[in-house]
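What follows is a structure written as structure tokens; I'll ask about it next.
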Amino acid sequence: MRHLISGFGVRKRKKAGPQEDRKSLGRAELMHRVELLASFEQAGLGWFWATDGDGRLTYLSYSAADRIGRAIDELLHQPIINLFEPDTEDNEFRSERPLVFLLKARNSISQLTVRISGTEKENWWEISGKPQFDEQGNFTGYRGSAKDVTATRESMRDAARMAQYDELTGLANRHRMKRRLAAQLEANRNTKRSCALLLLDLDRFKQVNDTHGHPVGDELLKQVASRIKRIVGDRGEIGRMGGDEFKILLPDADDRGMLGDLGQRLVQMLSQPYSINGLRAVIGASVGIAIAPYDGLVPDELVSAADLALYSAKAHGRGQYRFYCSDLKKEAQRRAMIEGDLRDAISRDELRMFYQPIVDGVTHEVKCMEALIRWEHSERGFIPPGEFIPIAEEAGLIKTIGGWAIQEVCRQASEWPVPIRVAINVSAVQFENDDLPRIVSDALKSSGIDPARVELEITESVFIGDYGRTQRTFKDLKKLGVRLVLDDFGTGYSSLSYLRKAPFDKIKIDQSFVRGATEKGNNNKAIISSIVSLAGALDMETVAEGVETKDELALVKERGASHLQGLLFSAAVTHDEVMAVLGSGSLVYEPRGPEKYRAPRRSELRRIGLIHDDHRYEVTIRNLSRTGAMIEGLLNVPLDTKVVLDLGDGQLAVATIKRSEEFIQGVEFETPLISNGSDGLCTRYRVSPYQIEAAGRPLAALSGDAYAQLGGGAGAAQRPRAFMEMDTGKRMAGMP
Ligand code: C2E
Ligand code: MG
Ligand code: MG
């Protein structure tokens, strides 16, 4: 109490308050007051503090020192300002005039929030105080009170955060989605349910935003949000992560058939044109999908799985969805390798231009050569352009590679003995570059090639983004005298209204329409006819791409395609071979190849598991389609045997042996496989990690051999193996 009385200077008090009008207080009453103050302090209702004229602490309530875990003696006689840190957070508590300023100016301090310095956990006080003066008017220090407001401050901060929905779109914001995901996954663990996380990223949003400004970009995002809302409805929660990234959380969703349909619908709907204050914009979307508990049990795991899936969707050409699978980790590593090595591919002289003939639809005489880039990696062999071009686009390397290709093709084609045309592929990313007309013009000049011989093949994705700029580039290129070709028509964001205004000389019908066009009930025939007549009306030529068989050839000729390209005539060949062919004087290509188109079976050489009677065999999968597979490795399996194929990552497919010949069996799946969004197939459902947990294993996301984790094969020892296994590895090594 001595500390209180002397420190707080009760006796020194000179100016009496209104109630202290009496000349002196009785000793008993004084003690009573002191006791009252002491119990007030101890109860933690508030604290007192005081300083001397130099701003050094002369008093602080014991309980206040306790609260911040410091000894009172350590604090006394220290400058009060050392006790506090300024509030640097941008929030409603922050004072315009910080404590230092108030103390220096000897101003009153009224309910100022300050942070206690040097404490590990945040500790916030609200302090008030008044300057004191002696009879001569000399400043003698401060006296004041304080209280702990840490809890209030934290809860207000939380509330502010919680209330935060994305202002622009009204969707949940990043914080909310994070909490929702954490809560959902937590709840799922108890209820053993699933949920899906979709990560959605807009393609080319940035272009629209950059060219037309933020108001247009904002309006576009609003329209995107409302389209997503319409598709998802109340099935799940939608959030905007900032920028052009969205997240969708769907409780109780583990059917990859349904999720694939949803992914597809999102991509399709978001790729339809937008109208913003009379302005037209087209963007695309890519979606990555991960499902708990299969792909991740905790938020970080699930989010990074969805991230990898999104990345893969983008790397496979954007405008698609993709499910997570454990291979994507390897895929991401390979992408990183490709990106790293691509930087040096030109200087290491690993890139080459090959040429594929495009022939006249009637005479089969070569009219043009399409230049196709080839990369022979010094260690990894041939890497296809379909794989490295999208990576080059993403990594900002396409300008260098594309520029090199334009130079190289113009130079080589200028040497050809017959002046047929040459077509160069130009990526949409390259097309956006303002430099393109200059790069083309430089190549034309330095090679001396006739510009009318040069065609630039551009895909529909150039129409995504800024319309005005695209038109300007078209005009500049036409001024140079080169021809423009629309490549892969019908696969992307087909927009007929643009086609009318765009100065194309030729349309290439994508090979996906040619493939399978000869099959019954397929409407590709009608699509080919309508593209041909559309091109006719617009006075453009047509090329049917990817003609592989004689029946396809007959069909596209009958439908009136003016030009043809495909393996039936020739694959892409080296520049030396082009020189030889053109030098030979015989420019007509004979169609050589299979008569008929056969429905594609993915040829895979992958080791998988085959489970029969609790035994697990290793087999090689040679072909995989939605409805069945061709496997190799077991001898004489009887027809109609029921087996389970373990396709990895918890994908178990029940199947029946339908064909059997020595070591090769054809199996039919009980439930058809579905698309993984890219060029692969997957099962609708997987073994649940909860089932694995029930079999006595720790709960974890799926990895590799789920069958063994399930305790499969435990009873195998008692029974003999029914089939003889062949060492498929050896056979594979010797296979063609
Ligand atoms: P694209 O421009 O549509 O080229 C046609 C692709 O189809 C080529 O694949 C060609 O080899 C292949 N092809 C031709 N006939 C047939 C056939 O009968 N059956 C099948 N299945 N395929 C056939 P490639 O060379 O792998 O190129 C893939 C894509 O990579 C090209 O598609 C093009 O978009 C891009 N690309 C190729 N070279 C370049 C380049 O120099 N620059 C840029 N920016 N992109 C390139
Ligand atoms: Mg092309
Ligand atoms: Mg093409």
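The values are calculated or read from the model by the stated rules, or taken from the named source; none is laboratory data. Just so we're clear, the structure is a prediction, and the values are computed from it rather than from any experiment. Ideal geometry is used to build each Cβ from the backbone, glycine not excepted, and the neighbour counts take in all protein chains shown. SASA here: full protein model, heavy atoms, side chains in, ligands and nucleic acids out. Shrake-Rupley method; radii C 1.70, N 1.55, O 1.52, S 1.80 Å.
Before I look further, what does the chain give for accessible area per residue, probe 1.4 Å, in whole square angstrom?
49
I would also like to ask the following. Taking Cα atoms, how many degrees apart are the long axis of helix 436-447 and the longest axis of the chain, rounded to 10 and kept between 0 and 90?
So the inclination is approximately 40 degrees.
Taking the convex hull of the alpha carbon atoms in the stretch 419-547, what volume per residue do you get, in Å³?
For the stretch 419-547, the hull spanned by Cα atoms encloses 106 Å³ per residue.
I've got another one for you. Need the full-extension length gain, residue 179 to residue 339, defined as separation in residues times 0.36 nm minus the C-alpha distance. One decimal, nm.
54.1 nm
Expressed in nm to one decimal, what extension gain is obtained for the pair residue 721 and residue 280 from 0.36 nm per residue of sequence separation less their Cα-Cα distance?
That pair, residue 721 and residue 280, stretches by 152.2 nm at full extension.
To continue, here is another question. How long are the semi-axes of the ellipsoid equivalent to the stretch 293-411, from square roots of 5 times the Cα gyration tensor eigenvalues, in whole Å, largest first?
Three semi-axes, in Å: 35, 18, 12.
Taking Cα pairs under 8 Å and at least six residues apart, what relative contact order does the chain come out at, in percent?
In percent, rounded to a whole number, it is 8.
How big is the accessible area of residue 724 in square angstrom, nearest 10, if you roll a 1.4 angstrom probe over the protein chains?
Accessible area, nearest 10 Å²: 120 Å².
What's the Cα-based Rg to Rh of the stretch 282-352, Rh via Kirkwood?
On the Cα set of the stretch 282-352, Rg over Rh gives 1.12.
I would also like to ask the following. On a full-extension model of 0.36 nm per residue, what is the gain between residue 580 and residue 478, subtracting their alpha-carbon distance, rounded to one decimal in nm?
Working: separation 102, 0.36 × 102 = 36.72 nm, distance 3.16 nm.
Full-extension gain reported as 33.6 nm.
Using Cα pairs under 8 angstrom and six or more residues apart, how large is the relative contact order of the stretch 602-725, in percent? Intermediate results must be reported in sequence, preceding the final value.
Details: 259 pairs, mean separation 28.7, N = 124.
That works out to 23 percent.
Rounded, prolate or oblate: pick one for the stretch 28-140, where a ≥ b ≥ c are the square roots of the eigenvalues of its C-alpha gyration tensor, a/c under 1.5 means rounded, and failing that, prolate if a/b is larger than b/c, else oblate. Walk me through the intermediate numbers first.
Numbers: a/c = 1.68, a/b = 1.16, b/c = 1.45.
Taking the square roots of the gyration eigenvalues as a ≥ b ≥ c, the stretch 28-140 is oblate.
What Kirkwood radius, in Å to one decimal, follows from the Cα pairs of the stretch 110-169? Can you show the working numbers first?
Numbers: mean 1/r = 0.0693 Å⁻¹.
Kirkwood hydrodynamic radius for the stretch 110-169: 14.4 Å.
Still on this structure: Which order do 156, 337 take when ranked by solvent-accessible area (1.4 Å probe, heavy atoms of all protein chains), largest first?
On the way: 156 75, 337 30 Å².
Most to least solvent-accessible, the answer reads 156, 337.
With the crude spin-label approximation of a point 7 Å out along Cα→Cβ, what separation in nm comes out for residue 265 versus residue 235?
The modelled label-to-label distance comes out at 0.5 nm.
Compute the distribution of all C-alpha to C-alpha distances in the stretch 494-646, in bins of 5 Å from 0, and list the percent of pairs in each, rounded to whole numbers.
2, 8, 13, 13, 12, 11, 11, 10, 7, 6, 4, 3, 1, 0
Amide H to amide H under 5 Å from residue 459: which residues, 5+ apart in sequence or cross-chain, H placed 1.01 Å off N in plane?
Distant-sequence amide H within range of residue 459: 428, 487.
Along the principal axes of its C-alpha atoms, what lengths does the stretch 142-191 span, in descending order and rounded to whole Å?
Extents along the principal axes: 57, 34, 10 Å.
Jot down the radius of gyration and Dmax of the stretch 602-725, Cα atoms only, both in angstrom.
14.4, 43
With the calculation restricted to Cα positions, what are the radius of gyration and Dmax of the chain in angstrom?
Every Cα atom of the chain included, Rg and Dmax give 37.1, 128 Å.
So, one more: Relative to the longest principal axis of the C-alpha atoms of the chain, give the angle of the C-alpha long axis of helix 385-394, reported between 0 and 90° and rounded to the nearest 10°.
Relative to the chain, helix 385-394 is tipped by roughly 30 degrees.
If you don't mind, there's one more thing I want to ask. Stokes-Einstein at 10 °C, 1.306 mPa s, Kirkwood radius from Cα pairs: D for the stretch 165-325 in µm² s⁻¹?
After rounding, the answer is 101 µm²/s.
Further question: Given contacts defined as C-alpha pairs under 8 Å and at least six residues apart, what's the relative contact order of the stretch 165-325, whole-number percent?
Normalised by residue count, the contact order of the stretch 165-325 is 29 percent.
Follow-up question, since we're still on this one. On a 25 Å Cα-Cα criterion, which of the cross-link pairs 445/508; 479/557; 192/330; 399/479; 520/557 come out too long?
Beyond 25 Å: 445/508; 479/557; 192/330.
Shifting gears a bit: Between helix 398-413 and the chain, what is the angle of the helix's C-alpha long axis to the longest principal axis, kept within 0 to 90° and rounded to the nearest 10?
The helix 398-413 is inclined about 20 degrees to the chain.
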